[in-house]
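A.B. asks: Got a structure here, written out as structure tokens. Questions coming.
The values are calculated or read from the model by the stated rules, or taken from the named source; none is laboratory data. Owing to the predicted nature of the structure, the values given are computational and were not obtained by experimental measurement. As a convention, Cβ positions derive from the backbone with ideal geometry for all residues, glycine included, and neighbour counts pool all protein chains shown.
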Amino acid sequence: MDQYRVFGNPIKHSRSPFIHQSFAQTTKQVLNYETSLVELDGFTEAVKQFICQGGKGANVTVPFKEQALAISHELSDRARLAGAVNTLSFNNGKIIGDNTDGEGLVQDLLRNNVQLENSRILLLGAGGAAKGVILPLLAQNPTSIVIANRTVSKAEALIEQFNDNRLKACGFEQTSGAIYDVIINATSASLSGKLPTIADSTVSKSTVCYDMVYGKEFTPFLNWAKSQGAIKVIDGIGMLVGQAAVSFNIWRGLKPEVETVIEQLKLSLAQE
């Protein structure tokens, strides 16, 4: 039976095994997918050992995404520009690194009927989460992507790296007075119950607000967006399933259906 893993630390609460086993069931694939808790200094050795045991592929989560980039013999453009790898494939002794986070986000936005082409996007944050989604978002041909960050120089550094004239940088306080079709929160603020300090005026009734974080209830960012009148607010659970679906397609050559898995995860969260 083909073996897959997700490497991380911590890893106990990962939902990846449930997601991928669900994909396998619906696509009639015979495989086994498990979590693997890796010591902080043991990632490279764990991957090598898994390859020697006949492993077919692996997902990588915190804190090993940069290490996964370093050990890859080949990289996709989106992994190279993201500076991180979350999906490894093993082929004839080669480790191939990819990053499916951004594509997972894009597919979830499209699944929710969000118009990305010719849209004005505000991306909050300039860390790894933001970096990983820029290339897939640009591929959807938006009019502009404004990267807002507390430290403007970090946002400016991203723009230099991607070298695309549709990208602009600003501080959180400089977001007021502009109109955005889509606002994506790629900061970690929601994890600590906080909000990015952007102006209330950035949100209107027609603004789609998306938070990469998800939980049992709406995040502080999404609650704030609703209080400003936004009708369409979306959390990151669909992105989680979406990025897994892209990984599954890389490994198995099949695009699994995601709706049922998303609904099952939402139900599971509600019961926790």
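A.B. asks: All but one of (1) without any contact (Cβ under 8 Å) to a residue 24 or more places away in the chain; (2) under 22 Å from Leu254 (Cα atoms); (3) polar (S, T, N, Q) hold for Asn59; state the number of the condition that does not hold.
C.D. replies: Every condition holds for Asn59 apart from (1).
A.B. asks: Which condition from (1) assigned by TED's automatic domain parsing to the domain that holds Leu135; (2) surrounded by fewer than 22 Cβ atoms within 10 Å (Cβ to Cβ) is the one that Asn249 breaks?
C.D. replies: Looking at each condition in turn, Asn249 falls short on (1).
A.B. asks: When residues of segment 85-128 are filtered for being in a loop (DSSP other than H, G, I, E, B) and surrounded by fewer than 23 Cβ atoms within 10 Å (Cβ to Cβ), how many remain?
C.D. replies: Our first condition is that a residue be in a loop (DSSP other than H, G, I, E, B); within segment 85-128, this holds for 85-86, 92-93, 99-100, 112-119, 125-127.
Now narrow it down to the ones that are surrounded by fewer than 23 Cβ atoms within 10 Å (Cβ to Cβ): 92-93, 112-119, 127.
Residues flagged as in a loop (DSSP other than H, G, I, E, B) and surrounded by fewer than 23 Cβ atoms within 10 Å (Cβ to Cβ) within segment 85-128 amount to 11.
A.B. asks: Turning to a different aspect of this structure: Filter segment 57-82 down to the residues that are surrounded by fewer than 20 Cβ atoms within 10 Å (Cβ to Cβ) and among the charged types (D, E, K, R), then identify the one that is nearest to Glu103 (Cα to Cα).
C.D. replies: The residue in question is Asp77.
A.B. asks: Suppose we keep only residues that are β-branched (Val, Ile, Thr) and touching a strand residue (DSSP E or B) at 6+ places or on another chain (Cβ under 9 Å) within segment 2-50. Which one would you say is nearest to Ile71 (Cα to Cα)? Spell out how you get there, then give the answer.
C.D. replies: Taking segment 2-50 and keeping what is β-branched (Val, Ile, Thr), we get 6, 11, 19, 26-27, 30, 35, 38, 44, 47.
Checking the rest, the ones that are also touching a strand residue (DSSP E or B) at 6+ places or on another chain (Cβ under 9 Å) come to 6, 11, 19, 30, 35, 38, 47.
Values: Val6: 16, Ile11: 21, Ile19: 26, Val30: 28, Thr35: 20, Val38: 16, Val47: 9 Å.
Among them, the one singled out is Val47.
A.B. asks: Which members of segment 215-246 meet the condition of being of a type in the set (A, V, I, L, M, F, W, C), surrounded by fewer than 18 Cβ atoms within 10 Å (Cβ to Cβ) and more than 19 Å from the chain's Cα centre (by Cα)? I'd like the intermediate steps shown before the answer.
C.D. replies: So in segment 215-246, the residues of a type in the set (A, V, I, L, M, F, W, C) come out as 218, 221-222, 224-225, 230-231, 233-234, 237, 239-241, 244-246.
Of the ones still in play, those that are also surrounded by fewer than 18 Cβ atoms within 10 Å (Cβ to Cβ) are 218, 231.
Ile231 - this is the single residue of segment 215-246 that is of a type in the set (A, V, I, L, M, F, W, C), surrounded by fewer than 18 Cβ atoms within 10 Å (Cβ to Cβ) and more than 19 Å from the chain's Cα centre (by Cα).
A.B. asks: From the residues in segment 159-201 that are more than 20 Å from the chain's Cα centre (by Cα), more than 24 Å from Val114 (Cα to Cα) and without any contact (Cβ under 8 Å) to a residue 24 or more places away in the chain, which one is surrounded by the most Cβ atoms within 10 Å (Cβ to Cβ)?
C.D. replies: Gly171
A.B. asks: Looking at segment 193-226, which of its residues are in a helix (DSSP H, G or I) and within 17 Å of Tyr180 (Cβ to Cβ)?
C.D. replies: Here is the first cut: in segment 193-226, the ones in a helix (DSSP H, G or I) are 200-202, 220-226.
Selection gives Asp200, Ser201, Thr202, Phe221, Leu222, Trp224, Ala225, Lys226.
A.B. asks: A further question follows. Go through (1) of a type outside the set (Val, Ile, Thr); (2) in contact with a Lys or Arg (Cβ under 8 Å, 6 or more places away or on another chain); (3) at negative phi one by one and return the number of the condition Met239 breaks.
C.D. replies: It is condition (2) that Met239 fails.
A.B. asks: For segment 139-158, what are the residues that are in a helix (DSSP H, G or I) and either surrounded by 18 or more Cβ atoms within 10 Å (Cβ to Cβ) or polar (S, T, N, Q) (or both)?
C.D. replies: Ser153, Ala155, Leu158
A.B. asks: Something else about it: If a residue has to be in contact with a Ser or Thr (Cβ under 8 Å, 6 or more places away or on another chain) and part of a loop (DSSP other than H, G, I, E, B) to count, how many in segment 28-44 make the cut? Spell out how you get there, then give the answer.
C.D. replies: At the first step, the residues of segment 28-44 found to be in contact with a Ser or Thr (Cβ under 8 Å, 6 or more places away or on another chain) are 33, 35.
Still in the running and part of a loop (DSSP other than H, G, I, E, B): none.
Of the residues in that region, 0 qualify.
A.B. asks: What number of residues within segment 156-187 satisfy the criterion of being aliphatic (A, V, I, L, M) and farther than 21 Å from Asp200 by Cβ?
C.D. replies: Step one: filter segment 156-187 for residues aliphatic (A, V, I, L, M), giving 157-159, 167, 169, 178-179, 182-184, 186.
Checking which are farther than 21 Å from Asp200 by Cβ leaves us with 157-159, 167, 169.
Residues in segment 156-187 being aliphatic (A, V, I, L, M) and farther than 21 Å from Asp200 by Cβ: 5 in total.
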